[in-house]
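Questions regarding the structure given below will be posed in turn.
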Amino acid sequence: GVALPPAPEVDIRWAIRQCRSILQDERPKRAEKARFLAFLVHFVSDLHQPLHSTSVYSNELPGGNRGGNEFPLEGPWRNLHMLWDDGCGFLSDYNDIRPYGEPPQPLRPDQVARIQALASRLMERYPENTLPEAHILDADFWALESHKLALDFGYRGIKDPQARGRARYLQPGDEPTPHYLERGQEVVQRQLALSGYRLAALLNELLKEE
């Protein structure tokens, strides 16, 4: 077997709890609270990306595969993590909203409208009342949920339902098939809706007296 390193004391779950604590505290200044509010929004969405909750350890990668960054792929995405960051292709059309490496700047009205339209489509496809787990605001639960999705649809994602053995699943060096991408996009869309509902509930709880 492969010896696993000790679990880090500081991770995204810890960071979410820290943000919640600061936002509930009356002592921090408004500017500091605003900064941690931005962190919280980022961390909540990040934890719903399945590849952010896993790392595969092996004799070849005793330090882990860095959430799929060391799982190389052929095609438009260099590795498994990049593929899932892009929503298995679902978010490709939104990459131009904030190109990587450009300095932060306010979104233009047309960019805001595109994001709002996307949110409306996701809410229509996944109404909040069809997702009873949307009101679970426990970061540990979210991490376990994402971990299972990463195993079932990321690392064990089916690339060819007609194949048998290893050929049935996506392997390092493969190019993701349409079947794999379609199933991945279904997971991504549901996770986007779920994270949005949870973030809204969390903010309502934290900021109800602001």
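The values are calculated or read from the model by the stated rules, or taken from the named source; none is laboratory data. Treat the numbers as computed from the prediction; the structure is a model and nothing was measured. Virtual Cβ from ideal backbone geometry, glycine too; neighbours counted across all protein chains shown.
So, in region 1-40, exactly how many residues are outside any helix (DSSP H, G or I), without any contact (Cβ under 8 Å) to a residue 40 or more places away in the chain and either under 13 Å from residue 203 (Cβ atoms) or among the β-branched types (Val, Ile, Thr) (or both)?
Final tally of qualifying residues: 1.
When you scan region 98-113, do you find a residue that is at pLDDT below 95, among the β-branched types (Val, Ile, Thr) and over 20 Å from the mean Cα position of the chain (by Cα), even just one?
yes
What residue, of 140, 152, 160, is in contact (Cβ under 8 Å) with a residue 40 or more places away in the chain and either touching a Cys at 6+ places or on another chain (Cβ under 8 Å) or not β-branched (Val, Ile, Thr) (or both)?
Only one candidate passes the filter, namely 140.
Next question. Residue by residue through region 29-61, note down the ones that are more than 19 Å from residue 18 (Cα to Cα) and either surrounded by 20 or more Cβ atoms within 10 Å (Cβ to Cβ) or in contact with a helix residue (DSSP H, G or I) (Cβ under 9 Å, 6 or more places away or on another chain) (or both).
Keep residues of region 29-61 that are more than 19 Å from residue 18 (Cα to Cα), which gives 49-51, 54-61.
Across region 29-61, the qualifying residues are 49, 50, 51, 54, 56.
Determine which single condition residue 123 fails, assuming it passes every other condition in (1) out of contact with any Phe, Trp or Tyr (no Cβ under 9 Å at 6 or more places or on another chain); (2) surrounded by 11 or more Cβ atoms within 10 Å (Cβ to Cβ); (3) at pLDDT 95 or above.
Against the list (1) out of contact with any Phe, Trp or Tyr (no Cβ under 9 Å at 6 or more places or on another chain); (2) surrounded by 11 or more Cβ atoms within 10 Å (Cβ to Cβ); (3) at pLDDT 95 or above, residue 123 comes up short only on (1).
OK, next. Restricting to region 155-176, name every residue that is surrounded by 15 or more Cβ atoms within 10 Å (Cβ to Cβ) and touching a Gly at 6+ places or on another chain (Cβ under 7 Å).
157, 169, 170, 176
Which of the residues that make up region 180-210 are loosely packed, with under 15 Cβ neighbours inside 10 Å, assigned to a helix (DSSP H, G or I) and more than 16 Å from the chain's Cα centre (by Cα)? Reasoning before the result, please.
Step one: list which residues in region 180-210 are loosely packed, with under 15 Cβ neighbours inside 10 Å, which gives 182, 186, 200, 204-205, 207-210.
Remaining after also requiring assigned to a helix (DSSP H, G or I): 182, 186, 200, 204-205.
Result: 182, 200, 204, 205.
Restricting attention to region 49-63, which residues are part of a loop (DSSP other than H, G, I, E, B) and not aromatic (Phe, Trp, Tyr)?
The answer is 49, 54, 55, 56, 58, 59, 60, 61, 62, 63.
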